[in-house]
Amino acid sequence: MDNIVFLIFRRMRTPLITIVVAYSVAVLGLVLIPGRDALGNVWYMDFFHAFYFVSFMSTTIGFGEIPYEFSDAQRLWVIVCVYATVVAWIYSIGTLISLLQDPTFQQAVNEGRFARRIDRLREGFYLVCGYGETGSALIEALTERDQHAVVIDIDQQRIHLLQMENLRQYVPGLCADASRPLHMIEAGLKHPRCAGVVALTNVNEVNLHIAITSKLLHPELKVICRADSADIEANMASFGTDYIIDPFDTFAVHVATAMQAPCVYLLQQWLTGLSHARLPEPLYPPKDGHWVLCGYGRFGKALFERLIDEGLETVIVEADPDRTGAPEHCVVGPGTEAVTLQQAHIEDAVGLVAGTDDDVNNLSIIMTARELNPKLFVILRQNLQTNDPIAEAVDADMVMHPSSIIANRIRVLLATPLLAEFLQLALYEDDEWARLLISRIVGLVSEEVPHIWEVEIDERLAHAVVVALELGQTVHLSDLLTDPRERTRELPTIALMLTRPGHRTLMPDETTRLAKGDRLLFCGRYSAQSRMEWSLQNEIALTYIRTGGSAPQGALWRRLYKRWLRGRNAGTVS
Amino acid sequence: MNPEKVIFGFFIVLALTLNFGFFVGELDNPEHHHVYELFAVVVVNLIATVLKFGDRTQMGAVLLATSLVAVLQLFAAALVWAVAVHISETGLTPAVTASIVSLTGGAMLANVISVVLLVIETVMLRR
């Protein structure tokens, strides 16, 4: 803000001095030039009247000649003064207006406004660098869960897009280069409420720069980065970047999971789905035949490794094997023609991966291959979000869209960190375990993906439970799973995980006794969360669930009751 | 030599000298204090003030403050003069003259501080 004031003052120096000089010369001239009064006597205008006259002359021109009619000499001088002062005014006002329109000035104003807004933030927020496809998907998902975010992007156009977006939370956006630490600080990197930095720009080096800036200036911050190459990934990991997400590798892991444990994969899909999305169908990637992989780029390489690990025979189709370093026995060709696909024995294949970096080619590969072999299991790599309609129309079994994969992963990490832990642990469970859980979830929700929420047993989020625990009463997990309106009914929800310091339990037992500081992960219907809020926060509701009766309500009775409880507990201990 | 500094110094010193010129003489004798001189003091002080705009240093801020004080005092003096001569028609009695001159005396003090600061800054620069 200081900058702006100084900028205005500095630029306004010359125009202001011009006005002062023009005024003083005009006033002085009027004082010195003799006039005649009504009786024909010589009179000299004094400073007071001269200043009065010049003041209105320069702004309005023409109030009449006061206090007496002017002599011709005075009129001549006034002609000169009129032009001089009017020009001086136009000059000053013009300078001021051009200053207001100056891009540097505008930028200074915007940055000042943005910085003040960030300063005023009183809730935790995430700093998202890069508002491209991934960034916008992430921001939407975060605001959907009532989380706050701040955006930096180098492109003014995208910041305009952000402002037009109809988001549930206000998201401040700054058009600036995120690789410059100054701008990161302006955007709240050092703000005590800043909960994490997400680097999503499409330039690897910039992401690296953001990661290292954040780790140096605010070391305890969670830093999540997108990385498209192994070098950058290793570099980021070297200074402790918390999460590095490579979309191709992430997707390859998905494919491998789907092959090894279809139910675990389905569980992942269900729990991480966007709210209100329809339940995805289970996938069974075939393993009883060979696969054709078109395009041996970053995506192709990541997937090839996984397919080989699965023990599948894989034929690579690559247009430029020398540049991409494809194995020697690959089929050379674009894959969009029937000839190359036939060379790869597409007729006998069970699966096809259309993995080039060109959407149109990928779609063409799928169409051609399906004509030759309609039963193929198809994996499509979609590069641009704008191609959504045609990518949907081709109806591939799995679609790999880098932006949505990164956004989805970061959304889970930021919005529901417990879920991220849960999914990590779930990978170590067998498929049967996942199948049981899936059938339980299906029993709760019929068509939509289950709602996921976290509960922490603390004073703010679980007042009633904390009060009960402090009174020495026991609260079981089953109490939270009970409908607070009718204690014989259960809420449509499942407790997925319970974490205590140094201890994590998957699918905790209902008889578990809750303790202060516990963190729980639930999934279920939307309505279940708001019901559970009652048992967590309302002492009367919790007492009803635990005992079936209601605790005394009046102030006196409540005190007596608490004293009685304490006395009884003390008695049992001794 | 920086021409900007020359002009800057020129106006600041001129503001002080003109102010002094108006101030000297018997305090309540209108003969000793000419209104043209008061006009010149006001104009030069205004220019000096504007010249001090937009300096971000601590010294610049204090210089601007002294100038603003001087301009305020001089405006008060000019107002007293205008009221006495034109509005209340009492004319330049010794009492009125004394108050005008003492107001400009205050302005002169501010101008002195301004010049002293300028000299100090210059000396610091030499080192």
Check every one of the strands (runs of 3 or more DSSP E) wholly within the stretch A:326-405 and list those with 2 or more residues that are under 27 Å from the mean Cα position of the chain (by Cα). A:377-381, A:398-400
Residues of the stretch B:4-40 satisfying the condition of being part of a helix (DSSP H, G or I) and of a type in the set (Asp, Glu): B:Glu4, B:Glu31, B:Glu37
Kindly indicate whether any position in the stretch B:44-54 is closer than 26 Å to A:Arg13 by Cα, within 13 Å of another protein chain (Cβ to nearest Cβ), of a type in the set (Lys, Arg) and surrounded by fewer than 16 Cβ atoms within 10 Å (Cβ to Cβ). no
Could you look through the stretch B:82-114, keep only residues that are assigned to a helix (DSSP H, G or I) and within 13 Å of another protein chain (Cβ to nearest Cβ), and pick out the one that is surrounded by the fewest Cβ atoms within 10 Å (Cβ to Cβ)? B:Ile87
Residue under question is A:Arg10, and the condition is that it be out of contact with any helix residue (DSSP H, G or I) (no Cβ under 8 Å at 6 or more places or on another chain), more than 12 Å from chain B (Cβ to nearest Cβ) and either surrounded by 13 or more Cβ atoms within 10 Å (Cβ to Cβ) or at negative phi (or both); does it hold? no
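Of the residues B:Leu63, B:Leu103, B:Leu46, which is over 25 Å from B:Gly25 (Cα atoms) and in contact (Cβ under 8 Å) with a residue 24 or more places away in the chain?
B:Leu63 is the lone residue from the list that is over 25 Å from B:Gly25 (Cα atoms) and in contact (Cβ under 8 Å) with a residue 24 or more places away in the chain.
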Return a yes/no flag: does the stretch A:540-557 have any residue that is surrounded by fewer than 16 Cβ atoms within 10 Å (Cβ to Cβ), of a type in the set (D, E, K, R) and outside the structural domain of A:Thr416 (by TED's automatic domain parsing). no
Restricting the stretch B:41-73 to residues that are among the polar types (S, T, N, Q) and assigned to a helix (DSSP H, G or I), the residue that is farthest from B:Phe8 (Cα to Cα): B:Gln73
Go through the stretch A:131-250 and tell me which helices (runs of 4 or more DSSP H), entirely inside it, have 1 or more residues that are under 17 Å from the mean Cα position of the chain (by Cα). A:133-144, A:156-164, A:181-186, A:204-217
For the stretch A:134-172: of the residues being in contact with a Phe, Trp or Tyr (Cβ under 9 Å, 6 or more places away or on another chain) and surrounded by fewer than 16 Cβ atoms within 10 Å (Cβ to Cβ), which is nearest to A:Leu182 (Cα to Cα)? A:Asp155
For the stretch A:16-58, which residues satisfy the criterion of being of a type in the set (Val, Ile, Thr) and more than 11 Å from chain B (Cβ to nearest Cβ)? A:Ile33, A:Val42, A:Val54
So which residues in the stretch A:452-464 are surrounded by fewer than 19 Cβ atoms within 10 Å (Cβ to Cβ) and either part of a helix (DSSP H, G or I) or in contact with a strand residue (DSSP E or B) (Cβ under 6 Å, 6 or more places away or on another chain) (or both), if there are any at all? A:Glu454, A:Glu456, A:His463
Residue list for the stretch A:7-60, filter: assigned to a strand (DSSP E or B) and not small (Gly, Ala, Ser): A:Pro34, A:Arg36, A:Val42, A:Trp43, A:Tyr44
State all residues of the stretch B:19-29 that are more than 14 Å from every other protein chain (Cβ to nearest Cβ) and either of a type outside the set (S, T, N, Q) or in contact with a Lys or Arg (Cβ under 7 Å, 6 or more places away or on another chain) (or both); if no residue qualifies, say none. B:Phe20, B:Gly21, B:Phe23, B:Val24, B:Gly25, B:Glu26, B:Leu27, B:Asp28
Regarding A:Leu283, is this residue aliphatic (A, V, I, L, M), surrounded by fewer than 19 Cβ atoms within 10 Å (Cβ to Cβ), part of a loop (DSSP other than H, G, I, E, B) and in contact with a strand residue (DSSP E or B) (Cβ under 9 Å, 6 or more places away or on another chain)? yes
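The values are calculated or read from the model by the stated rules, or taken from the named source; none is laboratory data. The structure displayed is predicted, hence computed values, not measured ones. Reconstructed Cβ throughout: ideal geometry from the backbone, glycine too, with neighbour counts over all protein chains shown.
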